[in-house]
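The next block holds one structure in the form of C-alpha cells; read it before the comments.
The values are calculated or read from the model by the stated rules, or taken from the named source; none is laboratory data. All values derive from a computational prediction rather than experimental measurement. Here the Cβ positions follow ideal geometry from the backbone for every residue, glycine too, while neighbour counts run over all protein chains shown. Ligands, DNA and RNA are stripped out before the accessible areas are found, and what is left, the full protein with its side chains, is counted by its heavy atoms. Shrake-Rupley method; radii C 1.70, N 1.55, O 1.52, S 1.80 Å.
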Amino acid sequence: MNSWKILVTGSSGLIGSEAVEYFDRRGHQVTGIDNNMRSVFFGAAGDTQWNLARLRGATSRFTHYDIDIRDRRKLDELFAAHRFDLIVHCAAQPSHDKARDIPILDFEVNAAATVYLLEATRQHCPEAVFIFMSTNKVYGDAPNEKPLSENSTRYDYSDPSDRDGIDETCRIDRTLHSLFGASKAAADLYAQEYGKYFGLNVGIFRGGCLTGPQHSGVELHGFLSYLVKVALTEGAYTVFGYKGKQVRDNIHSHDVIRAFEEFARNPRPGDVYNLGGGRGNSVSILEAIALIEEMTGRKIHWTYSEQARKGDHICYISNLGKLRSHYPTWDITRDLRGILEEMIAAARQNIHRLG
C-alpha cells in the first residue's frame, strides 16, 4: 500500500493529533474521531478544541467526526463506509487519579469501547493493522518490587540487570493498578486476544510518559506539560510522595508515531511493546523542576504531600530492547531537553493566544 486510509481515535489529543499530522504529511487519507471528552474529564484546562482548529489548518487530507467511541452504531457505520487500512486507537480516559471518581465511565471508555473498535475492525476490515495505545499502568505497582537505591535527586534500580528498565515480562496481575490501570489492562488483554485468537494485525504499545508540545496537560494527567504550564503562569504544583524522587521516562509524540508506523509496515499480531523515552529521557520530579526552572528562568512554586498516589510507580524506565530488536530502524530522536524546549515554546504561545 502506498496510500493508506487511516482512522485515528482521540484525534485532537496529544498522540492522536501527532498521528493525524504525521500521516497527512505522508499523503495518507486520515479520518479522526474525537468528541472533546477530555474537557468532560478535566474541565476547561483539558479542552482540545484549539488543537482540532490547528489540525484543520495544518492538514490537507484530514476529516474529523464528532463521535463518542462508546457509540457502537456510529462506529459500525463509520467502519462500513470507509474500510480502513490502519486504525490508531489513542482515545482514552487517561488519568490514574480521575478514574477513582468515575469508575463506570472509565471502564466504558477504556475497556468496552476498545472492544467495540476491535470488533468493528474484525467485521469490516480484518486485514487492517490496529494499533492500541496502552499504558505502563497495566503493570500496576509490580515495578515497585524491583530493588531500588535512593540517590540525592532520584530513585534508581540497584540491580545492574535492571538498568535498562521494565520489560514486557513484568506481570500485570496480583498487583495494585488503580482503576485506570485495570480498565486499560482489560483493553490490553482484549487487544492481544484479537491479535492472537482472531489473527488480526493488532499491536499493543504500553506507553511511559507520552509528551510533546500539543499536550493539554492538567494536574491529573500530563506531568511535564502541566509542570511547564505551572512555571510559566506562576501557579502551584503539588508533589505527591516519594520525596519528589519518583522517576519517569518521557517520549516525544513524534517518536511514538514512528513506532506505530514501523509496526504498521510489518505487523506482528498480538505483540506487546513497552514504549517510552528509556533511561536517556528519564527524569525525577525534583530533576524536572530544576531543569524547567533553568530553561524558563521562572521559579516553580511547589508544595509536598506525604500521601503518594495509590499504585504509583516509584521508578519507571521503559526497556526498549524488544521494540528496537523487532524494528531496528526505529529509535528515540528527541532528547529530554529538546522536548522541553518545544513544550515551553508551545506553552508560551498558548498563554499569549489566551491573553
Practice problem: Would you pull out the residues with amide H under 5 Å of V8's amide H, same chain only if 5 or more places away, H placed 1.01 Å from N? | Solution: T31, G32, I33, V88
Quiz item: Rg/Rh for region 60-148: what does it come to with C-alpha atoms and Rh from Kirkwood?
Solution: 1.06
Quiz prompt | Amide H contacts under 5 Å for N201, placed H, 5+ residues apart | solution = F130
Quiz item: Taking θ as phi - 60°, what are the ³J(HN,Hα) couplings along region 231-240 by the Karplus curve (6.51, -1.76, 1.60), each to the nearest whole Hz, with x for Gly and Pro?
Solution: 4, 7, 9, 6, x, 10, 10, 10, 9, 9
Quiz item: Could you give P(r) for the chain, binned at 10 Å from zero, as whole percent values over all Cα-Cα pairs?
Solution: 5, 26, 37, 24, 7, 0
Quiz item: By DSSP, what percent of the beta bridges with both residues in region 194-297 are antiparallel, rounded to the nearest 5?
Solution: 35 percent
Quiz item: Considering the Cα trace of region 99-200, what is its radius of gyration and what is Dmax, both in angstroms?
Solution: 16.8, 55
Quiz item: How many nm is it between the label spots at L291 and Q307, if each spot is 7 Å from the Cα in line with the beta carbon?
Solution: 2.9 nm
Quiz item: Which of C125, A236, G165 sits closest to the plus end of the dipole of the chain, meaning its Cα is farthest towards the positive end, when Lys and Arg get +1 and Asp and Glu get -1 on the C-beta?
Solution: C125
Quiz item: Which angle between 0 and 90 degrees, to the nearest 10, do you get for helix 14-25 versus the longest principal axis of the chain when only C-alpha atoms count?
Solution: 50 degrees
Exercise. Report the local net charge at R248: Lys and Arg +1, Asp and Glu -1, summed over other residues whose C-beta lies under 11 Å from its C-beta.
Key: -2
Quiz prompt | Rounded to whole Hz, the Karplus (6.51, -1.76, 1.60) HN-Hα couplings of region 111-117, x for glycine and proline | solution = 9, 4, 5, 5, 5, 4, 5
Quiz item: Counting only the heavy atoms of the protein chains, how much of R70 is accessible to a 1.4 Å probe, in Å² to the nearest 10?
Solution: 80 Å²
Self-check item: Largest to smallest accessible area among T114, T63 [probe 1.4 Å]
Solution: T63, T114
Exercise. Can you give me the P(r) profile for region 281-355? Cα pairs, bins 10 angstrom wide beginning at 0, each as a whole percent.
Key: 13, 32, 33, 18, 3
Quiz prompt | Cβ-defined net charge surrounding Y194, 14 Å radius [Lys, Arg +1; Asp, Glu -1] | solution = -2
Quiz item: Got a sec to turn the phi values of region 61-69 into Karplus ³J(HN,Hα) couplings, 6.51 cos²θ - 1.76 cosθ + 1.60 with θ = phi - 60°, whole Hz, x for Gly and Pro?
Solution: 10, 10, 10, 9, 10, 8, 10, 7, 5
Self-check item: Around L105: net Lys/Arg minus Asp/Glu count, Cβ-Cβ under 10 Å
Solution: -1
Quiz prompt | Accessible-area ranking of S325, S152, S282, largest first, probe 1.4 Å | solution = S152, S325, S282
Quiz prompt | Taking only Cα atoms of region 183-335, radius of gyration then Dmax in Å | solution = 17.3, 54
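Over 29 Å between Cα atoms: which of K245/K299; K98/K322; K74/K229; K229/K322; K5/K74 fall into that group? Display every interim value, and only then the final one.
Numbers: K245/K299 19 Å; K98/K322 31 Å; K74/K229 36 Å; K229/K322 34 Å; K5/K74 18 Å.
Flagged as over cut-off: K98/K322; K74/K229; K229/K322.
Per-residue ellipticity at 222 nm for the chain, helices alone: DSSP H runs ≥ 4 residues times -39500 (n - 2.57), over residue total, nearest 500 deg cm²/dmol?
Details: 12 runs with 134 residues, N = 355.
My calculation for the chain gives -11500 deg cm²/dmol from helical runs alone.
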Exercise. Give me the angle, in degrees from 0 to 90, between the Cα long axis of helix 72-82 and the longest principal axis of the Cα atoms of the chain, rounded to the nearest 10.
Key: 60 degrees
Quiz prompt | Rounded, prolate or oblate (a/c below 1.5 giving rounded, otherwise prolate when a/b exceeds b/c) for region 164-210 by Cα gyration tensor | solution = prolate
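In region 227-308, which trypsin sites (Lys or Arg not before Pro) are in a loop and have at most 13 other Cβ atoms within 10 Å, using DSSP for the loop call? Provide the component values of the computation, followed by the final result.
Working: sites: K229, K243, K245, R248, R258, R265, R279, R298, K299; in loops: K245, R298, K299.
When the trypsin sites (Lys or Arg not before Pro) of region 227-308 are filtered for loop state and at most 13 Cβ neighbours within 10 Å, K299 remain.
Can you sort E21, E145 by 1.4 Å-probe accessible area, starting with the largest? Provide the component values of the computation, followed by the final result.
Details: E21 35, E145 115 Å².
These residues rank, largest area first, as E145, E21.
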